[in-house]
Amino acid sequence: MKNEKIVEIAIKEGFADAAIFDTADIVFDASFRPYCEENLCGWYGANYSCQPDCGTPEEMKERVQKHKHALVLRTVWDINDFKDSSLIKSAKQKHNAYTMSIIE
C-alpha cells in the first residue's frame, strides 16, 4: 500500500494527522525521561509502553531502527489538566481504537 493511502486512511479513521518517515531520519532525544520518572501522569510502572517497561532510550532507538519506516499518528484532545485520568484514559482508548481500525 502506498504511503499516501495509509495517511489518507488514518485521517479518515479519526487521526488529526499522520505521516510516514524513514526511521533513519528520526531524532532520538532522551532528555524528557526524568519527567517520566516523576510520574506526573501516573503511568510510570503501570503501562507497558512507558518506563520502566519500555526499556532504555538506547533499547527503544534500537527497536525503532530495526524497521525502515515509521507511521506516526497524532490525535488532539482538549484536556486542560494532565492529572484528569478519566479524560486521558478516554483519549487513549479512542486513539487505540483508531489505531486498531487502521490495522484491520
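Any read-out appearing in this document is the output of simple, stated calculations on the displayed coordinates, not a laboratory observation. Here the structure is a predicted model, which means the values were calculated and not measured.
Summary of computed values
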{"item": "The range 1-23-the range 61-99 distance, computed between alpha-carbon centres (Å)", "result": "15 Å"}
{"item": "Cα-Cα over 27 Å, subset of K12/K89; K68/K89; K5/K89", "result": "K68/K89; K5/K89"}
